[in-house]
Amino acid sequence: MTTLTRARKRLFSNSLNAKSARAGLLFVMPAVALMTMFLVAPVVLAFSLGFTNAKFASPNEPEFVGVENFTELLSLGQVTVDADPSDPNAAYDNLRDLTKPAADTPYSGMQILAEDISEDGTKVDFTLAGDALFWKALGNTLLFALVIAPLQGGLALALALLINSRIKGKVFFRTVYFMPVVTSMVVVSILWIFFYQKDGLANVLLAQVIPGYEPVAFLTDPNLALPAIIFMSAWQGVGFHMIVWLAGLQTIPGELYEAATVDGANKWQQFRAVTWPGLRSTFVFVLIVISIAAMGLFTQVNVMTQGGPLDSTTTIVFHLFREGFRKNEIGYSSAIAIVFFILVVLISIIQRRLTRERD
């Protein structure tokens, strides 16, 4: 009787577990379906289309082209051509003979990336690229990431230290600093377009501070457009990282500060000996998050400058978008996406290795 009862209980338990598993599967399926549709499928399609000549809304079937897209995207070359000091176009005419699509040379189809004229003007060294705009976009993206990481992270840390101290109205300041984070980037970008105009608030404020200041249109100046976007992006995202730093600060035991005070350490010495070592893990997190977000810069460029002026604000993601959805080169834009993915992974690995703790 006891054995039969145990068998019935075991059978009932197995049946209950099976029903629970089926119920759990039914609850999970919608999330799995959505993740597959909007995350897994696009990644698989990008990696497969990158090796084809697929075009958006084209009646022709995509054809496999191997690494042709990647060769065009990443190819670089350098050539020296004769020039004529009396004819500014002579060097370009000679280069055109080497780079025209029908030319039987290694430089066929390549574009000018940079040039260097000799002192006597008789030679010009041209740096060529299969896609010169990609390399410009890569330079702009890396410059943006290199500047925004210390600027946004440092400002966020300063605000976190301020709010973490004993000041009145801390809740108010937290709200004010975090408000731009929850505001749509499109809305923020549109507002800052007016801010950066020649008669905008930025020029009004600078005219009050700098005597004899002449107003400029920041977003139409190739030398100022990218710095203007960097400043706006740092302002918009600083609140989120301030909260992260603040969470890290509140994990540091107060006894450490008391011990440092007893030892006669001033505020700066306390920061170096107690605060910064205690924020190491937070620093790594903030650095990686800012860098990944910076590499994906798109919305600000798309709304404020469209990659201009003179491609000075074109980024990799914007270049990818323009190739895929404006020029309909889905295969080529997928190749850019693959290269971009590999680049972000490499940067993350390098950052993690450089900032990891050592014994």
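The values are calculated or read from the model by the stated rules, or taken from the named source; none is laboratory data. Keep in mind the model is a prediction, meaning the values are calculated, not measured. Please note: Cβ atoms are built from the backbone with ideal geometry, for glycine as well, and neighbour counts cover all protein chains shown.
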Check your understanding: So, in the stretch 58-97, of the ones that are within 31 Å of the chain's Cα centre (by Cα) and among the small types (Gly, Ala, Ser), which residue ends up modelled with the lowest pLDDT?
Key -> SER58
Exercise for review: Test each condition in (1) surrounded by fewer than 16 Cβ atoms within 10 Å (Cβ to Cβ); (2) of a type in the set (Lys, Arg); (3) closer than 27 Å to PHE195 by Cα for ARG272 and report the one that comes out false.
Suggested key: (3)
Review point. Restricting attention to the stretch 321-337, does a residue exist that is under 15 Å from the mean Cα position of the chain (by Cα) and over 30 Å from VAL216 (Cα atoms)?
Key: yes
**Study point:** Selection count where residues are buried (at least 20 other Cβ atoms within 10 Å of the Cβ) and not in a helix (DSSP H, G or I), scope the stretch 241-250
**Key:** 0
Review point. List, please: which pairs have Cβ atoms under 6 Å, are six or more places apart or on different chains, and start with a residue in the stretch 266-290 that is assigned by TED's automatic domain parsing to the domain that holds TRP235 and end with one that is not in a helix (DSSP H, G or I)?
Key: GLY278/ILE252
**Study point:** Close pairs (8 angstrom Cβ cut-off, 6 or more residues apart or separate chains): closer than 22 Å to TYR332 by Cβ in the stretch 103-131, among the hydroxyl-bearing types (Ser, Thr, Tyr) and modelled with pLDDT under 90 anywhere
**Key:** TYR107/THR99; SER108/THR99; GLY109/THR99; MET110/THR99; GLN111/THR99; LEU128/THR99; LEU128/TYR107
Check your understanding: Among the residues of the stretch 75-102, which ones are of a type outside the set (Gly, Ala, Ser), surrounded by 16 or more Cβ atoms within 10 Å (Cβ to Cβ) and in contact (Cβ under 8 Å) with a residue 24 or more places away in the chain?
Key -> VAL79, VAL81, LEU95, THR99
Study note, to complete from the structure: Among the residues of the stretch 103-130, the number that are surrounded by fewer than 14 Cβ atoms within 10 Å (Cβ to Cβ), under 24 Å from PHE70 (Cα atoms) and out of contact with any helix residue (DSSP H, G or I) (no Cβ under 7 Å at 6 or more places or on another chain) is 3
Check your understanding: Does any residue in the stretch 312-325 that is in a helix (DSSP H, G or I) come within less than 6 Å, Cβ to Cβ, of a residue that is polar (S, T, N, Q) six or more places away or on a different chain, and which pairs are these?
Key -> ILE316/THR141; LEU320/SER333; GLU323/SER333; GLY324/SER333
Check your understanding: Of (1) modelled with pLDDT under 90; (2) surrounded by fewer than 16 Cβ atoms within 10 Å (Cβ to Cβ), GLY296 satisfies all except one. Which?
Key -> (1)
